[in-house]
Structures are given as C-alpha cells and as structure tokens.
Amino acid sequence: MNARDWRDRRRGWSASPVAEGYDQRRFASVLGRRKHRNDVARLLDTLAHHLPSPGRGPGGLILDLPCGTGRLGAELMAAGYRVVGADLAPVMLSQAAASAASPMHLLCAEAEHLPLPAAAVDVVISLRFLIHIQDPAVRREILAEMARVTRHLVIGQIRDPHSLKHRGRSLRRALGCAAQLREPSPTHTQLEAELRDAGLELLSRVPISRVFSDKSLFVARPLSS
Ligand SMILES: C[S@@+](CC[C@H](N)C(=O)[O-])C[C@H]1O[C@@H](n2cnc3c(N)ncnc32)[C@H](O)[C@@H]1O
C-alpha cells in the first residue's frame, strides 16, 4: 500500500457506511468470529504473561489505539481492565460508544499526536493498524508516541514472515503467479531495529495463528523503563 492508498484508506474509515458495516463484514462469519476470538485470546495471554503485576488484571489501564468499533475494548473490560479507546474517525467512535456494554472512555485523536501525558497508561494495544502503514517514518512517529504514553508495554501487530500464509504468497510469487505480498513483514532483526529507533525494546513476538493468520503480535517495553 503506497502513501496515497493509505490516505484513501484513512478517509474510508471515516466514512459512515464503512464504520457501520465494519464488524459485520470482518467478524460476523464463522471465520471472522474465530479471528476475533483468536485476537482476544492472544491479547489476554500476552497481557497476563508480560504485564508487571501493578498493571495486570483488574484496574490495569489500557489504551486501545486505534479502537475502531471498540470490539477489543469491550472484551478487555469484561476481563477487568480499564480501557481508553482512541481513534481518528468519529463514526468509529460512535460505534464503539454504542456497542460497549459498559462505557469505555473514548478519545478522538490521531495516533501521531496523542493528547495524553507521558506514562499515562499501563499498556498500549494496537491491532490491525501498523500492518497498514507502509511509510517507515510514519510508523516510527506512531511507535514513538506509543512509547511515550505507556508505563510498561506496547503490544502491536505486524505481519509474520514465518506464517504459512506469507510463505504461500512468497512461493506463488516466486512461481510467477499473481500473489500480493502484504508488506511490511519485518524480520525479527528489522522489527527490533525499528522499535529501538522509536524508544522501545522488543521482548517477544507471538503468532496469532501460524496456520490461519499471517499476523503476529509484538510485545515491547519503553527503553526508558
Ligand atoms: C482496521 S481498523 C482497526 C480497529 C481495531 N484496532 C480493531 O482491531 O478492530 C483501523 C482503525 O484505524 C483508525 N485510524 C487510521 N489512522 C489513524 C490514525 N492516524 N490515528 C488514529 N486512528 C487511526 C481508523 O479510523 C480505523 O478505525
């Protein structure tokens, strides 16, 4: 996706029909529900494993960036966390406000400039976002903002170069078949370097599902912590 596609995609998310149908299109089918359940299970395991105890479990404060329709925030609140959701699209935020069983704090904000003080939250989670950003300078700016506002962790999502899906696409491309290689799919070393540049230390990479997904989570902590 080039810079123009990214701008179009950003505008698309701010359009009302896209926001209203977002969960229905992605997470209502059997496969979609499985994807959502996998995302939530990996996130909760990762939080339980990596978040130091003062921020873990009930009371821990999570920034869900961007929160989209709030599908993750609702599950995290059900697990006892406090959640602030931030997104640049007011229509996505309206969906989030309408769908959460208990009220989630919501912020209309750009990930590049968060209206939050340093170390304001215990953890920033960010799913289905960085994978869309091709420009390393924009990714760096956003990661540095995440590093600034978190006390303990940033849990983000990137494409996994070791996943079956990614390997299948690479093979089809090598054989001359049409196959879109979804970038960025950074290697461990590339990811480590990119995070370090933004003030973060890579702790771990957690595949969502090596068979069914080409995405993995990364877990990082601020270098200053
Ligand atoms: C694919 S959705 C993912 C939402 C959510 N994280 C999830 O997993 O369901 C991407 C979201 O990013 C938001 N977005 C795009 N660019 C953004 C930016 N620069 N700052 C804040 N939100 C942004 C869009 O409005 C959209 O809601």
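The values are calculated or read from the model by the stated rules, or taken from the named source; none is laboratory data. Everything quoted here is computed from the prediction, not taken from an experiment. Note that each Cβ is placed from the backbone with ideal geometry, even for glycine, and that neighbours are counted across all protein chains shown. Ligands, DNA and RNA are stripped out before the accessible areas are found, and what is left, the full protein with its side chains, is counted by its heavy atoms. Shrake-Rupley method; radii C 1.70, N 1.55, O 1.52, S 1.80 Å.
Of note:
- The number of residues in the range 188-202 that are modelled with pLDDT of 95 or more and farther than 15 Å from Gln157 by Cβ comes to 7.
- Selected residue (only one of Leu171, Leu107 is without any contact (Cβ under 8 Å) to a residue 24 or more places away in the chain and part of a strand (DSSP E or B)): Leu107
- Some residue of the range 195-215 being assigned to a strand (DSSP E or B) and β-branched (Val, Ile, Thr): yes
- Here Lys165 meets each of (1) of a type outside the set (S, T, N, Q); (2) more than 13 Å from the ligand (Cβ to nearest atom); (3) over 15 Å from Ile208 (Cα atoms) with one exception, condition (3).
- Looking across the range 70-90 at every residue that is open to solvent by 40 Å² or more (accessible area, probe 1.4 Å), farther than 17 Å from His36 by Cα and not in a loop (DSSP other than H, G, I, E, B), the one that is farthest from the ligand (Cβ to nearest atom) is identified as Arg82.
- Of the residues making up the range 71-82, not a single one is of a type in the set (Phe, Trp, Tyr) and under 16 Å from the mean Cα position of the chain (by Cα).
- Of the residues making up the range 109-123, those that are away from the ligand (no atom under 11 Å from the Cβ) and either at negative phi or modelled with pLDDT under 95 (or both) are Pro115, Leu116, Pro117, Ala118, Ala120, Val121, Asp122, Val123.
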